[in-house]
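What follows draws every value from the coordinates through simple rules; no lab data is involved. Just so we're clear, the structure is a prediction, and the values are computed from it rather than from any experiment. No Cβ is skipped: glycine too gets one built from the backbone with ideal geometry, and neighbour counts run over all protein chains shown.
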Amino acid sequence: MCGRFVRDCSIRDIAEEFGVEEPHFDLPPSYNVAPGQNIPVIISSGNKKLVSCKWGFIPTWAKDPKTGNRMINARAETVTEKPAFRSAYKTTR
């Protein structure tokens, strides 16, 4: 997982690309999406749908959800060892 990314398309474009209903929210394109910001996500359990979620990773042991704003780099070579990511990795989260 990287700390920042670019989303240069509209919610309508994403809905069309993935064949889902356009949601009733709008998130403008951004060239600097950062942890803690809302992003569009396709949920595929049951019927696919486009929802808005907060970007970040909250470890199971975190007491404060804002911890997710700091957990931004899971390294492939240590993801199975680091307490913050180990459990999530094993359950393909």
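Go through the residues of region 54-74 one by one and say whether even a single one is among the aromatic types (Phe, Trp, Tyr) and touching a strand residue (DSSP E or B) at 6+ places or on another chain (Cβ under 6 Å).
From region 54-74, those among the aromatic types (Phe, Trp, Tyr) are 55, 57, 61; that's our starting set.
When the remaining residues are screened for being touching a strand residue (DSSP E or B) at 6+ places or on another chain (Cβ under 6 Å), the result is 55.
Scanning region 54-74 turns up at least one residue that is among the aromatic types (Phe, Trp, Tyr) and touching a strand residue (DSSP E or B) at 6+ places or on another chain (Cβ under 6 Å).
Yes or no, residue by residue, for (1) at negative phi; (2) of a type in the set (Asp, Glu):
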site: 10; (1), (2): yes, no
site: 17; (1), (2): yes, yes
site: 52; (1), (2): yes, no
site: 63; (1), (2): yes, no
site: 85; (1), (2): yes, no
site: 89; (1), (2): yes, no
site: 92; (1), (2): no, no
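Looking only at region 38-69, count every residue that is surrounded by fewer than 15 Cβ atoms within 10 Å (Cβ to Cβ) and in a loop (DSSP other than H, G, I, E, B) and tell me the total.
Counting residues in region 38-69 that are surrounded by fewer than 15 Cβ atoms within 10 Å (Cβ to Cβ) and in a loop (DSSP other than H, G, I, E, B) gives 10.
State which residue pairs qualify: first residue in contact (Cβ under 8 Å) with a residue 24 or more places away in the chain and inside region 82-93, second residue not hydrophobic (A, V, I, L, M, F, W, C) in any location, beta carbons under 6 Å apart, and separation of 6 or more residues or different chains.
Short answer, once both residue conditions are applied: 84/59; 87/60.
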